[in-house]
Amino acid sequence: MQHKEEIAKQLAKPTGLKKEEIETILEIPKSVELGDYAFPCFKLAGIMKKSPVEIAKNLASNIKLKSPISQIKAQGPYLNIFIDKKIFVEEVLNINKDYGRDNFGNKKKIVIDFSSPNIGKPMHIGHIRSTIIGDSLMRIYSYLGYEPFGINYMGDIGLHIGKLIVAWELWLNKDELKKDPVKELLRLYVKFCEKEKSQVQEGTDEQEFENNEWTNKAKEKLKLIEMGDEKAHKIWEEIRKASGKGFDRVYKMLNVEFNEVTGQSKFSEAGKEIVMNAAKKGIAKTDRETGAIYIEFDKLPKKFILRSNGTASYITQDIAAAVERNKKYKFEKMIYVTDYRQMMHFQQLFEIIKKFGYDFSDKCYHVPFGTVNFGNEIIASRAGKIVLLEDVLKKTVEKAKEEIKKRETKGDEEKIGVGAVKYIIIKNEPQKDVEFSWDQALSFEGNTGPYLQYSYARASSIINKAKKIARKIKIPKNLNEKEKELIKKILDFPKIVKEAAEKLNPSLIANYSFELSQAFNGFYTSCKVINPEEGKETEVFRLKLVDAFRTVLKNSLYLLGIEVMEEM
């Protein structure tokens, strides 16, 4: 709804509240019969020394109506506000393919670090959250006139690479590597972890000081890479090449692209230089026993930022990457989309950037997300118990094909299958865990991707049946409740897009898409669109309403990375 500011302006004087304060208080009633907005009078009771019910009655009697307000009614402690329906309808009739787009971003740069799989490990179902949330944020910011830059910051160095090099030299099966490089690399990694028998999580400070025979072998290989050892480098390049092929297949299926694909290794030397400078200035400290460099915080645990053997860790590289991005892009925001278990890492990273004297730490944001569970099992590659993302996508496409055949309907199985996976993931608040179910994901009913795609196809079928919509449209004198509900929901779209950008939360657009489709299907059930008995004017108006719905739903699903079909 686009009239909130004007309503708040008109209520400011009679209530004695500031316009901005009223905007935060205004509510959207659950039923259209209760108005388009509701103003609760509880806050005024303490100021005016009257009951909220009495205040609502007085306000309803004394406020002079001005456009866009057509009526104000007092109901209990609420002031129900009705907008001139003609204004709403005219807005819907003027909707075009660019509806919801905005230039208020003014080409400001937004850097989004997302997907970021580890080289040598396959992409599992957990990677899809970072990938599609990041891709959706890219689309949303671009839609609002910003200039987003998507970075796939791959884990191409680190202890897991050292482990893989050890395993490669000991157990590599060249034939299996040629046949399926992703699965052979996974086999090698799992076999190493079985030998290592470590209970320490990768990437933690505890692992840096773990005295484990196999862990130490991996650390030595990592040091050889940083020293430029030719043999270690050659194996490292082979691992990167094999992984890249698997990643590319997945990104192609998901229709996800990046402006920049880089790796952590690129920032090792620059990171070490920044850390050493901080140590010289006394900002960072050296551990007397090990020689590792760390930094202390007021409210966070201390963080080791350079290993005892002088090699870079994840945080070393992340510091340098952040500094380079700020220099390169001069961004308005930099957003990291990662697993919630890395929350502490990013809190520390942002604090370190601040302590080191850089002025962009307050422009850095972390979007943490929960896990994706199959039977409540958290996916962990070190245990080998993973659900490969490529396998999930392929299986979902196969199941979509079966569903299309069973329903004797039309549709592109890849668009339906991939859209179903994306939607079941992205409709959830990022921080919440997702329980994945193929039956739920592929259902054509309820809050699912296929339901939304089918709603679009149904609307397209109506438009195609009519063949042409007259340009001259008369607004009916009386709209029924289902028409009003659909109109209101359509007009919510621009507000939802901006809110999703502000809150870094694409699930708001996903659930809006569902509510919009529900409103359309309610309208479709109760209102015959192509019906001579209703009269030509009503038919033309309803066709335009269907077309507006179709346009907005397509735009909404585009922002989620989900494709639509004209027939299903």
Expected 222 nm ellipticity per residue - DSSP helices of 4 or more, -39500 (n - 2.57), all of the chain, to 500
-17000 deg cm²/dmol
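Hey, what's the per residue convex hull volume over the C-alpha atoms of the stretch 389-558, in cubic angstrom?
Dividing the Cα hull volume of the stretch 389-558 by its residue count gives 128 Å³.
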Taking other Cβ within 10 Å of each residue's Cβ, how do Ile110, Ile475 sort, fewest first?
Ile475, Ile110
Report, in whole Å, the centroid distance computed from the Cα atoms of the stretch 380-449 and the stretch 549-567.
18
Using the basic label-point model (7 angstrom from Cα toward the beta carbon), what is the Ser70 to Lys330 distance in nanometres?
4.9
So what's the angle, to the nearest 10 degrees on a 0 to 90 scale, between helix 389-407 and the longest Cα principal axis of the chain?
40
For the chain, the dipole about the Cα centre with charges only on Cβ (Lys and Arg +1, Asp and Glu -1), to the nearest 20 debye, works out at 1540
Return the FRET efficiency for the residue pair Asp180, Ala45: r is the Cβ-Cβ distance, R0 is 60 Å, and the value is rounded to the nearest 0.05.
0.30
Roughly what % of DSSP beta bridges within the chain run antiparallel, to the nearest 5?
45
With Cα coordinates, the longest principal axis of the chain makes an angle with the long axis of helix 507-526, in degrees rounded to 10, of 30
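Sequence gap at least 6, Cα distance under 8 Å: using those rules, report the relative contact order of the stretch 275-333 to the nearest whole percent.
About 20 percent, as a whole number.
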Distances over 27 Å make up what percent of all Cα-Cα pairs in the stretch 239-381?
31
With θ set to phi - 60° and the Karplus curve 6.51 cos²θ - 1.76 cosθ + 1.60, what are the ³J(HN,Hα) couplings of the stretch 220-226 in order, to the nearest whole Hz, using x for Gly and Pro?
5, 5, 5, 5, 4, 4, 5
Which of Met568, Met48, Met344 has the fewest other C-beta atoms within 10 Å, and how do the rest follow up to the most?
Met344, Met48, Met568
Pulled fully out, how much extra length does the chain show between Gln347 and Glu398, if you take 0.36 nm times their separation in residues and subtract their Cα-Cα distance?
14.2 nm
Phi to ³J(HN,Hα) by Karplus 6.51 cos²θ - 1.76 cosθ + 1.60 over the stretch 130-138, Hz, x for Gly, Pro:
4, 5, 7, 5, x, 4, 5, 4, 4
Take every Cα-Cα distance within the chain, group them into 20 Å bins from 0 onward, and report for each bin the whole-number percent of pairs it holds.
18, 43, 28, 10, 0
Hey, any idea what Rg/Rh is for the stretch 129-175, computing Rh the Kirkwood way over Cα pairs?
1.32
Quick one: length gained pulling Glu20 to Glu169 fully straight, 0.36 nm per residue minus the C-alpha distance?
47.1 nm
The stretch 4-83, convex hull of Cα, quarter of hull surface, nm² -> 4.5
Principal-axis tilt of helix 536-558 within the chain, Cα atoms, nearest 10 degrees:
20
Under a 5 Å amide H to amide H cut-off, with H placed in plane at 1.01 Å, what residues pair with Ser70 once short-range neighbours are removed?
Phe82, Ile83, Asp84
Net charge near Gly419: determine it from the other residues with C-beta under 11 Å of the C-beta of Gly419, scoring Lys and Arg +1 and Asp and Glu -1.
-2
Under the Karplus relation with 6.51, -1.76 and 1.60 and θ = phi - 60°, whole-Hz ³J(HN,Hα) for the stretch 408-419, x at Gly and Pro, equal 6, 10, 10, x, 8, 4, 6, 5, 5, x, 5, x
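For Lys406 and Met565 in one chain, what is 0.36 nm times their gap in residues minus the Cα-Cα distance, to one decimal in nm? Don't skip to the answer; put the middle values down first.
Details: separation 159, 0.36 × 159 = 57.24 nm, distance 1.85 nm.
Net length gain for the segment: 55.4 nm.
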Excluding Arg550 itself, what net charge comes from residues whose Cβ is under 12 Å from its Cβ, given Lys and Arg +1 and Asp and Glu -1?
+2
Under the rule of at least 5 residues apart or a separate chain, name every residue whose amide H is placed under 5 Å from the amide H of Met154.
Thr262, Gly263, Gln264
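Tell me the relative contact order for the stretch 389-558 as a rounded percent, counting alpha carbon contacts under 8 Å between residues six or more apart.
Over the stretch 389-558, the number comes to 24 percent.
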The stretch 25-59 residues near the modelled Ile87 label - backbone nitrogen below 17 Å, point 7 Å along Cα→Cβ
26-29, 35-39
Which residues does the label zone of Asn94 cover in the stretch 65-84, counting backbone N under 19 Å from a point 7 Å along Cα→Cβ?
67-70, 83-84
Taking the alpha-carbon set of the stretch 290-348, what are its Rg and Dmax in Å?
13.1, 39
By count of other Cβ within 10 Å, fewest leading, how are Glu289, Glu351 ordered?
Glu289, Glu351
Given a Förster distance of 60 angstrom, what is the FRET efficiency for Ser61 paired with Lys472, based on the Cβ-Cβ distance and rounded to 0.05?
0.90
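Lys and Arg at +1, Asp and Glu at -1: add these up for the other residues within a Cβ distance under 15 Å of Val564 and post the number.
Here the count lands on +1.
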Peptides 126-134, 86-94 ordered by average Cβ neighbours within 10 Å, highest first:
126-134, 86-94
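Taken together, the values in this text are just the output of simple stated rules run on the coordinates, not laboratory data. No experiment lies behind these values; they were computed from the predicted model shown. Glycine also receives a Cβ, built like all others from the backbone with ideal geometry; neighbour counts cover every protein chain displayed.
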